[in-house]
Amino acid sequence: MLSLYLILAAFVGLLQAKSSTGDSILVILDNKLNRSDYSLFFDGLEGQGYSLTFRAPGDTTPAIKEHDTPNFDHVIVFAPHTKSFSPDVTPQSLVSSLGKGTNLLLALSQKQNLVNSLASEFSLILPPPQTPLVSHFPAREEPATVIPITPQPNVIVDPDLPPIWFSGIPVAPGNNPLLFPILRAPAESFASDATVDSGADSVLEAADRGGEGLWAGSSSSLITGFQTRNGARATWVGGVELFSDDFAKKHTLGGKKSGNAQLSKDVAAWTFQENLVLRIDSVSHHKLGGSETPEVYTTNDQIVYIAHISKYDPATSSWVPYSGISDLQLEFTMLDPHVRTSLSPVPDTPGEYSVTFRAPDRHGVFKFVIDYRRKGWSTLQSSTTVPVVPPRHDGYPRFLSAAWPYYTGAISTSIGFLLFSLLWLAGGEDKAKTKKE
Amino acid sequence: MKSPMLVVLLAFVASTYAAALALQSPKFTVSSPNGDQIRSEPISLTKKSSPVRLGPQDVLRVTFQVTENDGGTGVQPHQAFLRFYDNISGEDGLQPVRVTSNGKARFELNMARPPSSFPPTSPDSVLKVSLIIGSFVHKPLAVDLFDLIVPASQPVASHPEEVYYHPQPVIEHTFRPEQKTPPAFISAVFSALVLAPWVVLVGLWSQLSPKVPNLFSLKIIPFTATLGAFELLLVWYWVDLRLGQVLLYGAGLGIVAVFTGKTALVQVGKLRKGSI
């Protein structure tokens, strides 16, 4: 029975995959790191259906991109000890591949290196070199730099995730809304280069300097996601040890298995566009009561707008209709939004969102705009241009009660004309009478 | 099975730390900008005192001593942070406190110039102040001190694009008010007024009693019918037709009218001359 389950599980594992943007991953792995120390993470990715290509930071092949075309769909850079990279790995090349849709999973270093200098271009403020995150809480046998963290749940982190082990540096995320902290530091932790109590003064001096002098408390981030405007994702992880087999197998203080394996899988799944990926399949609009899309709308028309939205399902590698967005909004815009209304899911029709609203009484070229951005989720953007025109000459209401006198006037004039014409044409003296006289 | 392991583990943990840390004579003072003491109390670690309220210019001073065990010698820990936590916004600020080598510490918060690490506050936020003491050689210590109520800070400047990442306020278009129409009764009265000349006309005609002997003359009736058709076409235009259709049908009728009119007018001329 058990073996049957195993076979079934293996089968599910085979079917399971993959990213919505592609399955090839380039891993730039530090010479000082062994692949076998991160086997749970890398084998897990391969088991999901990704094809991994390993490369030392100094190697020149395979290149990240050739002829300005990325060679890989995703790039992992785990090179915290590397100072010099081969010429094709530069902040510029990483940024330009990000611009072409390549997703990046980057491990920050305690030393100054390429990944760290790239991070500061993404509004991440890093502590000075050699100042790792330190926490004396809770009392434990591990060094102060190996920290158990109970993750705060968010869209990526599962609420049931057990505590995880972390060792590395914190970053202060800037206020760039494209940034998205995935794992925050514990409240009692801070960045410090001291290893003995007498090093307390350096912390104070750092704090006195003001600005980002002190990396402390839950405002600093340990795993930070960044989603570019074109939808590519980059994730900075404070320390590569998070993905290690050591931490994945290490038991937490409660004696349970740590959540590192699950968290590293979730972080990779988010970075490689498996999760929280949405798309708009189609949009349509028509007048209330009709079904055809008109070329123009008239002011004050009742307009029905319908959008169909799908979410990527990594388990089946397919897009499935998704009705789970509760705060989608539609704007009807001419320079400024004239109408902004919620676009709510239609019950019983998966993936369909609809709203009916009255067109403004201003004519001009309007746009239906969906601009849905939420941290962690891929963005939804759609814009459809429609003209809104005033009523045609015969589109105004008739038979107005206020115009009755005018109608009667016109009709009575017409009848009068007819009558007088008739009298003039058909009238005359009776012949018999005339002859008599 | 579990408990002996736990005991061993706890014993091990205890052995790695020389001793626990303790907080001696924690005390806070609130003074006004001119130096008057408003409130000065020792901080009870077991029972929280009433919330401390600070004015926009007030100064809060917190003093304490960190010692080894209870009543032991003073020590300087690696970490001595005051944490200000706003449980409404979830934001916290950590302010390091300078502890001397004999464990004595003194912290001053001047609300006129709050430190940059102080969290932004809203008018109804209550900051929970706790003290975090950590050390490489001692067991760490975290104690809740008191609740702090401070004046609201300036709102934090957020990124200009931050608003797009949250639901935005609903916008409803303000439509022009419907045009006012006079009551139907008044319209009816004025329509009646428009029809009034007919009364005069019919009254005068009744005196004259005009005759139409040629009404059904086969040479005249087609023209009167054409004129009637023109009037009907205009009514039809009002109710339904477009201009192009009216011009088309009108042109057709016009050609008919030319012939019927010619015939009718010739006939009328003959009648007038009395040749018939």
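The values are calculated or read from the model by the stated rules, or taken from the named source; none is laboratory data. The model shown is predicted, which means the values in this text are computed figures rather than measured ones. All Cβ positions, even for glycine, are placed from backbone atoms using ideal geometry, and neighbour counts span all protein chains on display.
Quick notes
- The lone exception for B:ILE186 - which of (1) facing another protein chain (nearest Cβ under 8 Å); (2) part of a helix (DSSP H, G or I); (3) not polar (S, T, N, Q) it fails: (1)
- Boolean, A:SER97 is part of a helix (DSSP H, G or I), more than 14 Å from chain B (Cβ to nearest Cβ) and surrounded by 15 or more Cβ atoms within 10 Å (Cβ to Cβ): yes
- Which listed residue is assigned by TED's automatic domain parsing to the domain that holds A:ALA248, surrounded by fewer than 17 Cβ atoms within 10 Å (Cβ to Cβ) and under 22 Å from A:ALA232 (Cα atoms), from A:THR21, A:THR60, A:THR90: A:THR90
- Tally, over the stretch A:299-334, of residues that are away from chain B (no Cβ under 14 Å) and in a strand (DSSP E or B): 14
- With respect to the conditions (1) touching a Ser or Thr at 6+ places or on another chain (Cβ under 9 Å); (2) hydrophobic (A, V, I, L, M, F, W, C); (3) away from chain B (no Cβ under 11 Å); (4) surrounded by fewer than 21 Cβ atoms within 10 Å (Cβ to Cβ), A:VAL155 falls short on a single one, namely (1).
- Within the stretch B:119-142, tally of residues that are of a type in the set (Gly, Ala, Ser) and not in a loop (DSSP other than H, G, I, E, B): 3
- Residues in the stretch B:238-247 that are surrounded by fewer than 17 Cβ atoms within 10 Å (Cβ to Cβ) and either touching a helix residue (DSSP H, G or I) at 6+ places or on another chain (Cβ under 9 Å) or more than 14 Å from chain A (Cβ to nearest Cβ) (or both) were compared, and the one that is farthest from A:TYR396 (Cα to Cα) is B:LEU247.
- The residues listed here are B:LEU265, B:LEU208; of these, the one that is surrounded by 13 or more Cβ atoms within 10 Å (Cβ to Cβ) and within 11 Å of chain A (Cβ to nearest Cβ) is B:LEU265.
- Only residues that are within 14 Å of another protein chain (Cβ to nearest Cβ) and touching a helix residue (DSSP H, G or I) at 6+ places or on another chain (Cβ under 7 Å) were counted in the stretch A:208-267, giving 4.
- Residue satisfying condition, being within 23 Å of A:GLY239 (Cβ to Cβ), under 29 Å from the mean Cα position of the chain (by Cα) and assigned by TED's automatic domain parsing to the domain that holds A:TRP215, within set A:ASP37, A:ASP43: A:ASP43
- Subset of the stretch B:30-46 [under 25 Å from B:ILE133 (Cα atoms) and either surrounded by fewer than 16 Cβ atoms within 10 Å (Cβ to Cβ) or of a type in the set (Lys, Arg) (or both)]: B:SER40, B:GLU41, B:PRO42, B:SER44, B:LEU45, B:THR46
- Yes/no for B:GLY250 being surrounded by 12 or more Cβ atoms within 10 Å (Cβ to Cβ), more than 11 Å from chain A (Cβ to nearest Cβ) and closer than 30 Å to A:LEU400 by Cβ: yes
The rows are residues; the columns are (1) touching a Ser or Thr at 6+ places or on another chain (Cβ under 8 Å); (2) modelled with pLDDT under 85; (3) within 30 Å of A:LEU98 (Cβ to Cβ).
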{"residue": "A:GLU188", "(1), (2), (3)": "yes, no, no"}
{"residue": "A:ALA191", "(1), (2), (3)": "yes, no, yes"}
{"residue": "A:ALA194", "(1), (2), (3)": "yes, yes, no"}
{"residue": "A:PHE226", "(1), (2), (3)": "yes, no, yes"}
{"residue": "A:GLY231", "(1), (2), (3)": "yes, no, yes"}
{"residue": "A:PHE243", "(1), (2), (3)": "yes, no, yes"}
{"residue": "A:GLY254", "(1), (2), (3)": "no, yes, no"}
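- Summed over the stretch B:47-86, the residues that are surrounded by fewer than 17 Cβ atoms within 10 Å (Cβ to Cβ), polar (S, T, N, Q) and over 46 Å from the mean Cα position of the chain (by Cα) give a count of 2.
- Given (1) without any contact (Cβ under 8 Å) to a residue 24 or more places away in the chain; (2) at positive phi, index of the condition A:GLY217 fails: (1)
- Sole residue being modelled with pLDDT under 95, within 14 Å of another protein chain (Cβ to nearest Cβ), part of a loop (DSSP other than H, G, I, E, B) and crowded, with 17+ Cβ neighbours inside 10 Å, chosen from A:ARG362, A:ARG374: A:ARG374
- Residue count for the stretch B:143-174 satisfying the condition of being aliphatic (A, V, I, L, M) and part of a loop (DSSP other than H, G, I, E, B): 5.
- Of all the listed residues (B:PRO26, B:PRO77), the sole one being closer than 25 Å to A:GLY217 by Cβ, assigned to a loop (DSSP other than H, G, I, E, B) and either within 14 Å of another protein chain (Cβ to nearest Cβ) or at pLDDT 85 or above (or both) is B:PRO77.
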